[in-house]
Amino acid sequence: MKEVSVYVHIPFCIQKCYYCDFFSAPADDQLKRDYMSALLRQIEMTEWDNRIIKSLFIGGGTPSVLPSFFIEEMTGRFREKAKFAPDCEISMEVNPGTVDREKLSRYFVCGINRLSIGLQSADDRELKALGRIHTFSEFVDAFEAARMIGFWNLNIDLISSIPGQSPESFQRTLRTAAGFLPEHLSVYSLILEEGTEFYRRRNELVFPDEDTVVKTDEFTREYLREKGYVRYEISNYAREGRACRHNCVYWQRGTYLGFGAGAASLIEDGDIHKRYTILRDVKEYARRMLAGPENLQCVMTDIQQLSRRERMEEFMYLGLRMTDGVSAEHFLHDFGIPIREVYGGILDEMTVKGLMDVEGGGEQERFFLTERGFDVSNVVMAQFLLT
Ligand code: SF4
């Protein structure tokens, strides 16, 4: 049996947040129904023999905008068709403005064991400025209801560097969020993305300068360390043993299957590593799936067989996102060549510059970014491209 992780994309939101460039949009009920039927069909048509699901992540968009019976039907369909590892992590993203106690209870009963709750800010004015549909008090209701129901693995998503946000305001948000004692916190620095409402209004918005962004990251790191959280990835912090297993699969280049429009897959068959994306068009995805196709090729796009060079690059720049970094032994196992033969010069240069650190020796060597390296991680990662 091969372990596989599964991602299901629900591309619907009540309204578009002003900073968001994810593949998501509002939709009418008919489109949602068609999409749900298409997803069920994709699950049925997938080859499950010899595969065991080690993590399932229902993300978006806002999966919690769908009626809960669909989440029940979908998880039920996965269980009918596929085997789940006994300790399978089953996560779902929820938006506080879209859930109540009954919905959360139904998620719990159908086996969801980890919720990722998008708070973003504990300040209602900032939530409004971000275009979020919920208030802080709705978050409190959702979080407390989830705990009462029995969810023992909760993440809170936060955003820093919101236009007009003072460092003190972000610090209040971080303290407030940590005060709920979640098992996991994700803290992303807001990035201005083309095509968003913020991008359109970029000349009238005041974004924090670079110095403030770096200081905010430092505060986040230090504060969460004091509170017992381990930073295990650039933007992710967890209590011991509560790192998001599903996301670790992406960073460690495990195998994953994507369901729904825009979802990506990485599959491995012997030496062949193939990546593809499901059609990024909700209506067309639903239309093609509901037309009763013979196979799933009709919704696969950007099919790409990864070369050894591309796999090495991904190994480095995804692996280095994690604070554990990358190991010489793992590199040798995957590519049959010592890491220093390919990247020795860059590894030494980054180490001399204080952006990277090394532990162990020989095959036991492990390379990871220092805190300074994380501050300029985009620049460091770019060094590992081999072209
Ligand atoms: S709820 Fe999430 S996915 Fe939807 S628009 Fe807002 S940030 Fe984007």
**Item:** Only one of 78, 70, 23, 84 that is touching a Gly at 6+ places or on another chain (Cβ under 7 Å) and either more than 16 Å from the ligand (Cβ to nearest atom) or within 24 Å of residue 276 (Cβ to Cβ) (or both)
**Value:** 23
**Message:** Against the condition at pLDDT 95 or above, within 16 Å of the ligand (Cβ to nearest atom), in a strand (DSSP E or B) and within 22 Å of residue 283 (Cα to Cα), how does residue 35 come out, does it pass?
**Reply:** no
**Prompt:** Any idea which of 355, 347, 386 is surrounded by fewer than 17 Cβ atoms within 10 Å (Cβ to Cβ) and either in contact with a helix residue (DSSP H, G or I) (Cβ under 6 Å, 6 or more places away or on another chain) or not hydroxyl-bearing (Ser, Thr, Tyr) (or both)?
**Reply:** 386
**Fill in**
The lone condition residue 374 fails out of (1) over 20 Å from residue 249 (Cβ atoms); (2) touching a helix residue (DSSP H, G or I) at 6+ places or on another chain (Cβ under 7 Å); (3) buried (at least 16 other Cβ atoms within 10 Å of the Cβ) is (2)
**Message:** On the basis of being within 16 Å of the ligand (Cβ to nearest atom), touching a residue at least 40 places away in the same chain (Cβ under 8 Å) and of a type in the set (Val, Ile, Thr), does residue 117 make the cut?
**Reply:** yes
**Request:** For segment 311-333, state whether one or more residues are in contact with a helix residue (DSSP H, G or I) (Cβ under 7 Å, 6 or more places away or on another chain) and of a type in the set (S, T, N, Q).
**Result:** no
**Message:** Quick check on my filter: what residues within segment 277-302 are over 24 Å from residue 27 (Cβ atoms) and free of Cβ contacts under 8 Å to residues at least 40 places away in the same chain?
**Reply:** 294, 297
**Asked** Regarding residue 263, is this residue touching a His at 6+ places or on another chain (Cβ under 9 Å) and either basic (Lys, Arg) or within 19 Å of residue 53 (Cα to Cα) (or both)?
**Response** yes
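Condition first: assigned to a helix (DSSP H, G or I) and out of contact with any Gly (no Cβ under 9 Å at 6 or more places or on another chain). Now tell me which residues in segment 247-282 satisfy that. Spell out the reasoning first.
To start, the set of residues in segment 247-282 that are assigned to a helix (DSSP H, G or I) comprises 247-251, 282.
Passing the criteria: 247, 249, 250.
Yes/no matrix, rows are residues, columns are (1) under 14 Å from the mean Cα position of the chain (by Cα); (2) aromatic (Phe, Trp, Tyr); (3) buried (at least 19 other Cβ atoms within 10 Å of the Cβ):
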site	(1), (2), (3)
191	no, no, no
201	no, no, no
205	no, no, no
209	no, no, no
227	no, no, no
232	yes, yes, yes
240	no, no, no
249	yes, no, yes
255	no, no, no
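The values are calculated or read from the model by the stated rules, or taken from the named source; none is laboratory data. Everything numeric in this text was worked out from a predicted model, so none of it was measured. With ideal geometry, Cβ positions are generated from the backbone for all residues, glycine too; neighbour counts draw on all protein chains shown.
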